[in-house]
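Structure, as structure tokens:
Every read-out reported here was derived from the displayed coordinates using simple, explicitly stated rules and does not represent laboratory data. As the structure is a computational prediction, the values presented were derived from the model and not from experiment. Here the Cβ is made from the backbone with ideal geometry for all residues, glycine too, and neighbour counts use every protein chain on show.
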Amino acid sequence: MSRLALMIGLAFASPAALAQDFPVDPPRAPTPVGPPPPPLLAAPATEAATAELITPFQLLDRFVLPGTRQRLQWRPPDGLGRGEVPSPITVVHGARPGPVLCLIAGIHGDELNGIEVARRIGQEVDPTRLEGTLIVAPIVNVFGFTRNNRFLPDRRDLNRHFPGSRTGSIASRMAYGFFNDVVRRCDALVDFHTGSFQRTNLPQIRADLTHPDVLEFTRGFGNTLVLHSPGARGMLRLAAVATGIPAVTFEVGAPQFLEEQHIAPAADAIRALMHRMAMLDSEAHAGGEPVTTPIYQDSSWVRTNAAGFLFAEVELGDQVKLGQRLGHVIDPVSNRRTEIVAPFPGQVLGKALNQQVLPGYAAFHIGKLTSEQQAVLEAAAARADASEAVDEDPEERPDDEAGREDERE
Ligand SMILES: [Zn+2]
């Protein structure tokens, strides 16, 4: 049985499947109607009573009791030197059994929106009504976070070094520690990011739709945008999927800002996911929310053809027509103006903030509505022909460690 099937099926699993190593007293049963059982006679072991038997959740050498929330700390295996601040981890361990969902953010220390989404969900979920366990790691790269910086002390990108190695670079050791200490405990994982290098993204799921368990996972996020993306080597979501953990990236807005207009819908998407995974009390949403389905998109970047100052003329989420002007580049010396137009009709899923650009800079990310079926077909075709791999959040930093052009999440 795949992890995802396990995740979805767990609510209906047989009691035997729930046997664990550290039994504790189950929550007190409701007062029975009728005469009490004779003293000293154990109550009959009903299926319902056995299902309530849930053990503490062990993480980072701590035990979190059922029905409670606990704050833990994670440190990289070899530390990061003096002044190191541990990374906060919140575990919400439900009173009833269910899947372990991990919300990871702050792998890039300057990407704030996802940190706030993860924080909100981690604080609002009532552990006594939760089925399963929520692990929230909102600020994995504390070093970058305290400096409002994407990178690690050695200027490496942590999201290119998973699953890491025990004896590699700082980034690789940190990735190894986090992956083994935390990620391996997850049944499913959401990794929050934002646009990179002064770009902003409409809230959107990026996932490898060629993987059936991942595709199934993308169906849970309400009416969120979903884009196929094979991802780049070393990304957390790729390493997690390779280990059998369905994982996606959730892009939310721009780095270095807190954008409520993006944070709120992203938090709603996670609430929808937890309902879908049967982790939230069914009473709370019985007959309530309409069933929403994800919006699959096929997308590509539109690049500048001139150097100068980029000025956008469209907003995130705008629908654009073929040939519509998206923005322009003004050369501040020659005053020459070059327009950027939409090569096909679609929706603005991402865009560069107004800034100085060179020719070839990826400025506007335009998505075309597609069906889940079509998105999966195109994902498979792209996998067969690597030259057609989706190009997203292209990296154009001249001083980048690797100097390669690939997606950035
Ligand atoms: Zn990121």
* Which distance in Å, rounded to a whole number, links the C-alpha centroids of the range 292-328 and the range 135-194? -> 31
* To do: For the range 341-376 and the range 220-258, write down the distance between their C-alpha centroids in whole Å.
  => 18
* Asked: Arranged from highest to lowest average of other beta-carbon atoms within 10 Å per residue, in what order do the peptides 152-160, 245-253 appear?
  -> 245-253, 152-160
* For Gly360, enumerate residues with amide H under 5 Å from its amide H, sequence gap 5+ or separate chain, H modeled in the peptide plane. => Thr304, Asn305, Ala306
